[in-house]
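Contents: one structure, followed by commentary.
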């Protein structure tokens, strides 16, 4: 259908039609901007914040609590995470450590995990110790990796993951006698395999 329509009108007629449509639309003109803009002083446009708020709002899982304002001691911020400012940095170091370890860069991973091992949060410190154990193992420092796994097993951290790794490293270095103290943590049916 379009072919018949296009072949019926010569190309010049189509171009003329497009030009006529363009001329029929109104032209937009804009006034030139003024040479200078009038600016009011900033203090007239913005209302300054009060020196001290009237109340603090604290949100937790149970709802919103509004309490009278109490100024924070100098140098301390009031809030839920008071004293935990390093936790986001520790998490970032752990995440970067795992990224480096997965990318085959155990030395870089170890540096990040060692920074995060100083965390005040026990769970984050244990996670960083686990990461550093794997990084040490990949670097060929199996004695240090075994020590890290021992620390985690003694703390009861992720035993299904940490105990077999510790047993493997101890068995590789010292044979069945080296794993004997930790076999009591395994079910009876699994102990025989490590005694060979």
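The values are calculated or read from the model by the stated rules, or taken from the named source; none is laboratory data. What you see is a predicted model, and the numbers here were worked out from it, not measured in a lab. Here the Cβ positions follow ideal geometry from the backbone for every residue, glycine too, while neighbour counts run over all protein chains shown.
Yes or no: segment 144-161 includes at least one residue that is farther than 19 Å from residue 183 by Cβ, more than 24 Å from the chain's Cα centre (by Cα), part of a loop (DSSP other than H, G, I, E, B) and at pLDDT 95 or above. Give the steps one after another, and end with the answer.
If we filter segment 144-161 for residues that are farther than 19 Å from residue 183 by Cβ, which is where we start, we get 144-145, 148.
With more than 24 Å from the chain's Cα centre (by Cα) added as a condition, the list becomes 144-145, 148.
With the extra rule that they be part of a loop (DSSP other than H, G, I, E, B), the set shrinks to none.
Within segment 144-161, not a single residue is farther than 19 Å from residue 183 by Cβ, more than 24 Å from the chain's Cα centre (by Cα), part of a loop (DSSP other than H, G, I, E, B) and at pLDDT 95 or above.
Can you name every residue in segment 98-114 that is farther than 13 Å from residue 138 by Cβ and surrounded by fewer than 18 Cβ atoms within 10 Å (Cβ to Cβ)?
99, 111, 114
Going by what's in this entry, would residue 111 be described as part of a helix (DSSP H, G or I), closer than 14 Å to residue 93 by Cα and modelled with pLDDT under 95?
On the way: part of a helix (DSSP H, G or I): yes; closer than 14 Å to residue 93 by Cα: yes; modelled with pLDDT under 95: no.
Criteria not met by residue 111.
So, in segment 135-172, how many residues would count as being under 19 Å from residue 98 (Cα atoms), in contact with a helix residue (DSSP H, G or I) (Cβ under 8 Å, 6 or more places away or on another chain) and surrounded by fewer than 21 Cβ atoms within 10 Å (Cβ to Cβ)?
The qualifying residues number 9.
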